[in-house]
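See below for the structure under consideration.
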Amino acid sequence: MAAGLCLALLCGCAMSNKTDKPLDLNSLDTSVKPGDDFYRYSIGGWLKKNPIPAEYGSWGSFVILGEENLKTLREVMERAEQRAWARAGQKEEVKMEEMVGDFYASGMDEKGIEAAGITPLADELARIEAVTDLKGLTLAVAHMHQNSADPLFHVFVGPDPADSDLNIIELYQGGLNLPDRDFYLKDDKYSKETRAKYLQYVAKMFRLMDRAGEKAGQKAEAKAGAKAEIVLKIETELARISRSKVELRDPRKNYNPLPLAALAKMSKNFDWPLYSQSIGLKKAGKINVGQPDFFAGLSAVLAAFSIAEWRVYLTFTLVNDNAEFLSSSFVNEEFAFYGKTLNGNKVLMPRWKRVVGTVNAYLDQAVGRLFVKERFSPQAKSRAGEMVRNIRTAFKKRLANLDWMTPKTKKAAAKKLAAMTFKIGYPEKWRDYSKLKIDRSSYLGNVLRGNYFEFHRELAKVGKKVDRSEWPMPVQIVNAGYLPQRNEMVFPAGILQPPFFDAEADDPINYGAIGMVIAHEMTHGFDDQGRKFDERGNLKGWWTNRDEANFKAKAKTVIEQAKAYEQFPGMPLNGELTLGENIADLGGVSIAYDALKIALGKKKQSLLDNLTPEQRFFLSYAEVWKMNMREERAKLLIKVDPHAPAKYRVNSPLSNLPEFYNAFNVASTEAMYRPESKRAKVW
């Protein structure tokens with residue numbers, strides 16, 4: 001047994017008589033010292049025994065629980081499908097479960113989908129072919145945003161950053177079909193190779209579109225290749241006027257309210273009044289133009305290409321955004337690029353998983369309602385709520401004891417923390433889908449109607465008061481979130497399952513896992529982005545200049561630590577991009593540890609599996625982030641993901657914590673040890 005575990009035998013604690021569910025010690029790799037590489041020590045055994053399934057780019061706690069949830073969803077959808085058949089022909093009102101069953105059945109109709117080929121998109125393609133001028137282009141984009149795809153830019157509805165109780169329309173840069181603008185603009189080997197493969201992929205998709213009416217040959221291949229070049233040129237110009245992911249992290253720069261007339265003047269070659277009218281926005285009111293340079297530049301990009309070239313771009317965007325709902329030739333090509341090339345997946349997921357994912361996306365609360373009945377109890381909701389309260393108490397104490405923040409800002413921070421709300425498990429009121437038509441005749445037809453329903457459900461909120469009771473993410477998702485404009489945390493039933501949360505596990509295990517996730521999300525209210533919003537979610541300064549400077553100095557240490565990690569030669573972590581998540585990881589594990597101490601109180605603590613409560617906490621923390629990942633996906637995420645790779649999500653925060661050093665007797669000679677002067681501490 002390694003030295004770290006032997007400490008438990010020397011601490012003098014009484015042996016446990018509890019029946020709490022223990023950790024899986026088969027995950028350990030005791031050939032590694034905890035203080036040299038705690039990630040490898042904690043889950044190295046698991047990493048060796050758990051290769052990545054062929055259909056995935058990574059395999060770890062989040063994906064494994066996602067698999068379990070998928071199986072449950074398949075069961076409820078298949079039951080719904082059978083019950084829907086039994087009701088066929090009846091003139092009763094469409095029920096939630098029937099909609100789920102019908103949507104699932106339409107997606108599982110492989111024979112019908114194959115026979116249809118690309119014809120379900122015929123009307124959409126015809127609309128694009130009918131475009132002859134910029135006015136027609138505006139109308140086509142307006143139609144696609146409502147029904148089928150997301151060309152040029154993103155439009156959505158959200159709380160006004162200056163008045164979080166009011167919903168407004170927001171515009172955001174977009175139009176790219178690669179994951180990030182840097183793929184178009186940078187000339188490093190990885191970016192160039194990705195561009196070349198993307199160009200091949202686009203050409204193949206055009207060949208699939210043309211194949212029905214044109215024989216294979218050099219002329220047809222050249223024609224498809226020329227169209228692919230047009231798509232890449234247009235998207236490259238859109239990339240040039242786009243902000244980087246790091247630049248997008250500043251919410252103040254992303255808030256630029258304008259009236260419709262000012263937007264029309266800024267971007268003259270796109271008919272904004274016509275667009276507004278076409279999507280059904282009767283009164284636009286204040287519009288948040290997220291990135292003014294993008295929308296000003298969009299006018300020039302529109303003029304730089306012919307209408308014929310824009311038809312090519314819109315056609316590809318339409319087919320690309322809907323390829324997964326078409327026949328297998330389109331599905332396979334899309335998977336070959338986005339699945340294999342970008343993520344390293346070896347095989348396509350089975351159809352049932354893909355269809356479950358689609359139904360889940362379009363009927364998320366209808367499906368979530370069925371999921372909760374199967375997998376989530378009131379007792380779990382109650383215990384999770386107790387953990388949130390303990391974690392908030394721990395954070396409050398930390399705020400009060402900060403040595404770098406002035407009393408005025410501390411008071412405002414405590415006010416924000418006290419006002420922070422949280423949603424656990426599932427909504428009190430489920431969404432009404434009665435206006436959405438779902439049937440078994442066309443899988444893509446259901447998708448298009450689903451897009452229209454959701455677009456207009458959101459659009460109807462413009463100018464109205466924000467409903468803070470609305471549930472903001474799928475109940476069944478393995479995720480959690482903090483919404484800065486609501487000052488709200490959300491913990492869906494989907495993640496409140498083992499190994500994140502287990503009613504049979506003891507407090508150290510639960511606080512190390514879901515407790516850290518809760519504290520992580522809470523800390524987002526005070527990271528480099530969240531700290532710019534007040535207790536109501538308004539974009540408002542509440543920091544003194546001195547506190548701003550102190551925070552930035554603390555954050556700089558976090559940035560520099562991240563930049564020192566290099567998962568692949570020549571690909572260091574982006575410290576600025578990952579700053580918010582790294583602050584939340586560091587604060588999350590620290591605050592969750594303090595909350596554990598509150599939960600344990602003054603009771604004499606026992607060993608479990610010869611482990612102290614502190615050791616169980618840190619081992620449980622590492623268990624959450626266990627993950628094997630393919631090289632292709634790892635390289636992609638380094639470029640686009642605001643989270644650090646799993647290994648550094650464990651080792652980096654812990655290398656700053658004296659509590660970790662004490663729990664595993666980390667020596668100053670060991671690799672993870674940092675001198676006190678080099679340690680990062682924000683919250």
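The values are calculated or read from the model by the stated rules, or taken from the named source; none is laboratory data. Bear in mind that the values here come from a model prediction, so they are computed numbers and not experimental data. Cβ placement follows ideal geometry from the backbone for every residue including glycine, while neighbour counts extend to all protein chains displayed.
Within the set I638, I591, I583, I598, the sole residue that is surrounded by fewer than 22 Cβ atoms within 10 Å (Cβ to Cβ) and closer than 21 Å to L399 by Cα turns out to be I598. Annotation note: of R616, R633, the sole residue that is surrounded by fewer than 21 Cβ atoms within 10 Å (Cβ to Cβ) and modelled with pLDDT of 95 or more is R633.
Of the residues making up region 480-500, those that are outside any strand (DSSP E or B) and either farther than 22 Å from E170 by Cβ or in contact with a helix residue (DSSP H, G or I) (Cβ under 8 Å, 6 or more places away or on another chain) (or both) are A480, P484, N487, A493, G494, I495, L496, Q497, P498, P499, F500.
Checking G537, G530, G515 one by one, the residue that is out of contact with any His (no Cβ under 8 Å at 6 or more places or on another chain) and either surrounded by fewer than 19 Cβ atoms within 10 Å (Cβ to Cβ) or over 24 Å from L608 (Cβ atoms) (or both) is G537 and no other. Looking across region 540-571 at every residue that is of a type in the set (D, E, K, R) and either in a strand (DSSP E or B) or under 16 Å from D527 (Cβ atoms) (or both), the one that is farthest from the chain's Cα centre (by Cα) is identified as D547.
Looking at region 308-319, I want the residues that are of a type in the set (D, E, K, R) and have a partner that is outside any helix (DSSP H, G or I) with Cβ atoms under 7 Å, at least 6 apart or on another chain. Which pairs are those? Listed by first residue and then by second, the contacts come to R311/V131. The condition (being in a loop (DSSP other than H, G, I, E, B) and under 27 Å from the mean Cα position of the chain (by Cα)) is satisfied by just one residue among V666, V650, V682: V682.
The set of residues in region 572-606 that are part of a helix (DSSP H, G or I), more than 24 Å from the chain's Cα centre (by Cα) and charged (D, E, K, R) comprises D594, K597. Highlighted here are the helices (runs of 4 or more DSSP H) found entirely within region 145-248 that include at least 3 residues which are surrounded by 21 or more Cβ atoms within 10 Å (Cβ to Cβ) and in the same structural domain as E309 (by TED's automatic domain parsing): 189-210, 218-240.
Among the candidates D507, D534, D502, D585, single out the residue that is assigned by TED's automatic domain parsing to the domain that holds L607 and either small (G, A, S) or touching a Phe, Trp or Tyr at 6+ places or on another chain (Cβ under 6 Å) (or both). So the residue among D507, D534, D502, D585 that is assigned by TED's automatic domain parsing to the domain that holds L607 and either small (G, A, S) or touching a Phe, Trp or Tyr at 6+ places or on another chain (Cβ under 6 Å) (or both) is D534.
Inside region 642-662, residues that are out of contact with any Leu (no Cβ under 8 Å at 6 or more places or on another chain) and surrounded by 19 or more Cβ atoms within 10 Å (Cβ to Cβ) make up a count of 9.
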